[in-house]
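Working notes for the structure below.
The values are calculated or read from the model by the stated rules, or taken from the named source; none is laboratory data. Keep in mind it's a predicted model, so treat the numbers as computed, not measured. Every residue, glycine among them, receives a Cβ derived from its backbone with ideal geometry; neighbour counts consider all protein chains shown. Surface accessibility is based on the protein's heavy atoms, side chains included, excluding ligands, DNA and RNA. Shrake-Rupley method; radii C 1.70, N 1.55, O 1.52, S 1.80 Å.
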Amino acid sequence: MRLTAELEQTLRRYVQGDLDEGLRVELEELLITDPDAFDALGVVEDELIEEYLEESGSAVERRRFEQNFLT
């Protein structure tokens, strides 16, 4: 699976805890069954960590990241 812009955006929202229940469950099933999707999640997590450390995201994105990823 190729990391498309749509998948990247969905993974970013997932890490930030910003997906509705149905989409979250669907994505989690994909992450379990598709190793490439799981690898893409790691890439997105690394990007979000870098953005957080560089303080380059919006205040809302930083807060979501703190609340959902750093805890």
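For the stretch 16-67, the set of residues classified as open to solvent by less than 80 Å² (accessible area, probe 1.4 Å), in a helix (DSSP H, G or I) and within 19 Å of Arg2 (Cβ to Cβ) consists of Leu27, Leu30, Leu31, Asp36, Ala37, Ala40, Leu41, Gly42, Val43, Val44, Glu45, Glu47, listed by residue number.
Contact map, the stretch 41-59: residues that are at positive phi paired with residues that are surrounded by 10 or more Cβ atoms within 10 Å (Cβ to Cβ), Cβ distance under 8 Å, separation 6+ or inter-chain. Pairs shown: Glu55/Arg62. In the set Val60, Val15, Val43, Val25, only one residue is touching an Asp or Glu at 6+ places or on another chain (Cβ under 7 Å) and among the hydrophobic types (A, V, I, L, M, F, W, C); that residue is Val15.
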